[in-house]
1. Could you tell me which label, among [x] 17.1; [y] 12.7; [z] 18.5, carries the value of Kirkwood radius over Cα pairs in Å calculated for this structure?
2. Along the charge dipole of the chain, pointing to its positive end and built from +1/-1 on Cβ of Lys, Arg, Asp and Glu, which listed residue (53, 29, 65) has its Cα farthest out?
3. From the helices alone, meaning DSSP H stretches of at least four residues, give me the mean residue ellipticity at 222 nm for the chain, per-run term -39500 (n - 2.57), in deg cm²/dmol to the nearest 500.
4. Taking the 0 to 90 degree range and rounding to the nearest ten, how far is the long axis of helix 30-69 tilted relative to the main principal axis of the chain, both from C-alpha atoms?
5. For the chain, take the longest principal axis of its alpha carbons; what is the angle in degrees between that and the long axis of helix 4-24, to the nearest 10 within 0 to 90?
Amino acid sequence: MKPIREWWPTTRDFFRDVWVEMKKVSWPGKNEVIGTTVVVVVACFIFGFYLFVVDQGLSWLVERLFVAAGVAPA
């Protein structure tokens, strides 16, 4: 492991560069954050409902196949 005096200048330069880059970031406004959050929540509900319907349909189909094959659970 290197002594502190060897890695400190590079660490200091790294944090200075991070600070400079963070000043260049375009941060979203409150309305944009709320809007995108609403889109994500609605999309999660839609996909969740879709997957629920597909799961129920496939479960029904597999159950019918088991009954037709005579291996349905009691």
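Laboratory data are not the source of any read-out in this text; all were calculated from the coordinates shown. Keep in mind it's a predicted model, so treat the numbers as computed, not measured. Cβ atoms come from the backbone with ideal geometry, glycine included; neighbour counts cover every protein chain shown.
1. [z]
2. Result: 29, furthest along the dipole toward the positive end.
3. Details: 2 runs with 61 residues, N = 74.
Roughly -30000 deg cm²/dmol at 222 nm, from the helical runs in the chain.
4. 30
5. 70
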